[in-house]
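**Q** Below is a structure I'd like to ask you about.
The values are calculated or read from the model by the stated rules, or taken from the named source; none is laboratory data. Remember, it's a predicted structure, so these values are computed and weren't measured experimentally. Using ideal geometry, Cβ is built from the backbone for each residue, glycine included, and neighbour counts are taken over all protein chains shown. Ligands, DNA and RNA are excluded from the accessible area calculation, which covers all protein heavy atoms including side chains. Shrake-Rupley method; radii C 1.70, N 1.55, O 1.52, S 1.80 Å.
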Amino acid sequence: MSIHSVLVTGSSRGIGFGLVQKFLESDKVGLVIAASRPSATSELLTIKNKKLHLVTLDVTDDDSIVKAVEQVDQIVGSKGLTILVNNAGILQSYGFTDEPNRDVVNQTLDTNITSPMMMAQYFYPLLKRAADSQPGNTFSSSRAAIVNISSILGSIQLAQSSDNGIKKLLDYSVSKAGVNMVSRILSKDLEAYGIACTALHPGWVQTRMGGEHASITLEECVSKLAPSIMSLTQEQNGGFFDRELKAIPF
Ligand SMILES: NC(=O)c1ccc[n+]([C@@H]2O[C@H](COP(=O)([O-])OP(=O)(O)OC[C@H]3O[C@@H](n4cnc5c(N)ncnc54)[C@H](OP(=O)(O)O)[C@@H]3O)[C@@H](O)[C@H]2O)c1
């Protein structure tokens, strides 16, 4: 077993749920922790698999994160948490021509930037435990890694108008540029501890967020994204990539 444990936030549906399924299918992964807000309708509740552990987590609520850390500590034990996937996110379709609304923008920034930052800080001791259990100078997803699910819309070089005719993307694009910076800086902060940090764009995916006209299915996304998450090396540390680990400009 090369990856002791993986935690995915926002796993109740969409890409998070698809990733959980792929990690459960993989012989490489020992423990899969599906973290989500409570949902009576989530398909997570129908999965029967000894590798799967369900943890309640609202990523915008510090008390909820602290409780989740305590629970995950018990689940992962002395080998720590190998991979933290910060996947939970929101898109509220806010554009420049909308009525100004600070609350909407702040909610997007809180969920998509501040929360992955807080998650990394709170879960750091468990990630460090994983890295310490494999001493050396290597960076890899089998040692310890944080993966932030970002978006190509967060690329400053590739930035477009905030209204693409389908969705309005001002706050969302800014939030993904922000989480890219979180990833880049954490890769430097965590370098000394052997914990890698990478931002990944999953593609335009048919989920509640992506909508039915998105270019790829959930299966097309996670069949590439999950293996990529499981095979990160020094080469991807601090970078921004698509689901097949092709580099995207910041
Ligand atoms: N779909 C795309 O085309 C696309 C493209 C690029 C990037 N992404 C990124 O991929 C990630 C997943 O997107 P998706 O398409 O799977 O979206 P989705 O279908 O809307 O699912 C979003 C997930 O995030 C969870 N979530 C939202 N706020 C949360 C909070 N405060 N605490 C915990 N969980 C929370 C939701 O949980 P509830 O069920 O509790 O609401 C849900 O499980 C996001 O970061 C998104 O920005 C998606």
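**Q** Tell me which residues, restricted to region 94-147, are polar (S, T, N, Q), surrounded by fewer than 16 Cβ atoms within 10 Å (Cβ to Cβ) and more than 30 Å from residue 77 (Cα to Cα). Break it down into steps so the answer makes sense when it comes.
**A** Taking region 94-147 as the starting set, the residues that turn out to be polar (S, T, N, Q) are 97, 101, 106-108, 111-112, 114-115, 121, 133-134, 137-138, 140-142.
Checking the rest, the ones that are also surrounded by fewer than 16 Cβ atoms within 10 Å (Cβ to Cβ) come to 97, 101, 106, 121, 133, 137-138.
Listed by number, the residues that qualify are 97, 101, 106.
**Q** Let me ask something else about it. So which pairs qualify, if the first residue must be in region 4-31 and among the β-branched types (Val, Ile, Thr), the second must be open to solvent by less than 10 Å² (accessible area, probe 1.4 Å) and more than 16 Å from the ligand (Cβ to nearest atom), the Cβ gap must be under 9 Å, and the two must be at least 6 apart or on different chains?
**A** Close Cβ pairs (under 9 Å, with a partner that is open to solvent by less than 10 Å² (accessible area, probe 1.4 Å) and more than 16 Å from the ligand (Cβ to nearest atom)) amount to 6/29; 6/81; 6/82; 6/141; 29/3; 29/5; 29/82.
**Q** Out of region 208-250, which residues are in contact (Cβ under 8 Å) with a residue 24 or more places away in the chain and polar (S, T, N, Q)?
**A** 223, 228, 231, 233, 234, 236, 237
**Q** Moving on to the next point. For region 188-195, indicate whether the set of residues that are crowded, with 18+ Cβ neighbours inside 10 Å and among the aromatic types (Phe, Trp, Tyr) is non-empty.
**A** Of region 188-195, the ones crowded, with 18+ Cβ neighbours inside 10 Å are 190, 194-195.
With the extra rule that they be among the aromatic types (Phe, Trp, Tyr), the set shrinks to none.
Checked region 188-195: no residue is crowded, with 18+ Cβ neighbours inside 10 Å and among the aromatic types (Phe, Trp, Tyr).
**Q** A follow-up question, please. Is region 209-218 home to any residue that is in contact with a Gly (Cβ under 8 Å, 6 or more places away or on another chain) and assigned to a helix (DSSP H, G or I)?
**A** yes
**Q** Right, residue 182: assigned to a helix (DSSP H, G or I), of a type outside the set (S, T, N, Q), open to solvent by 70 Å² or more (accessible area, probe 1.4 Å) and closer than 25 Å to residue 94 by Cβ or not? Break it down into steps so the answer makes sense when it comes.
**A** Details: assigned to a helix (DSSP H, G or I): yes; of a type outside the set (S, T, N, Q): yes; open to solvent by 70 Å² or more (accessible area, probe 1.4 Å): no; closer than 25 Å to residue 94 by Cβ: yes.
Answer is no for this residue.
**Q** Just wondering, is there one or more residues in region 144-167 that are within 16 Å of the ligand (Cβ to nearest atom) and among the charged types (D, E, K, R)?
**A** Yes, that holds for at least one residue.
**Q** May I pose another question? Within region 148-158, how many residues are surrounded by fewer than 20 Cβ atoms within 10 Å (Cβ to Cβ) and either among the β-branched types (Val, Ile, Thr) or modelled with pLDDT under 95 (or both)?
**A** Number of matching residues: 2.
**Q** Being under 18 Å from residue 22 (Cα atoms), among the β-branched types (Val, Ile, Thr) and over 14 Å from the mean Cα position of the chain (by Cα) narrows it down to one of 222, 205, so name that one. Spell out how you get there, then give the answer.
**A** Details: 222 fails: over 14 Å from the mean Cα position of the chain (by Cα).
It is 205.
**Q** Within region 228-238, identify whether any single residue is part of a strand (DSSP E or B) and open to solvent by 10 Å² or more (accessible area, probe 1.4 Å), and answer yes or no.
**A** At the first step, the residues of region 228-238 found to be part of a strand (DSSP E or B) are none.
No: zero hits.
**Q** State all residues of region 22-47 that are at pLDDT 95 or above and open to solvent by 100 Å² or more (accessible area, probe 1.4 Å); if no residue qualifies, say none.
**A** If the condition is that a residue be at pLDDT 95 or above and open to solvent by 100 Å² or more (accessible area, probe 1.4 Å), then 25, 27, 37 are the ones that fit.
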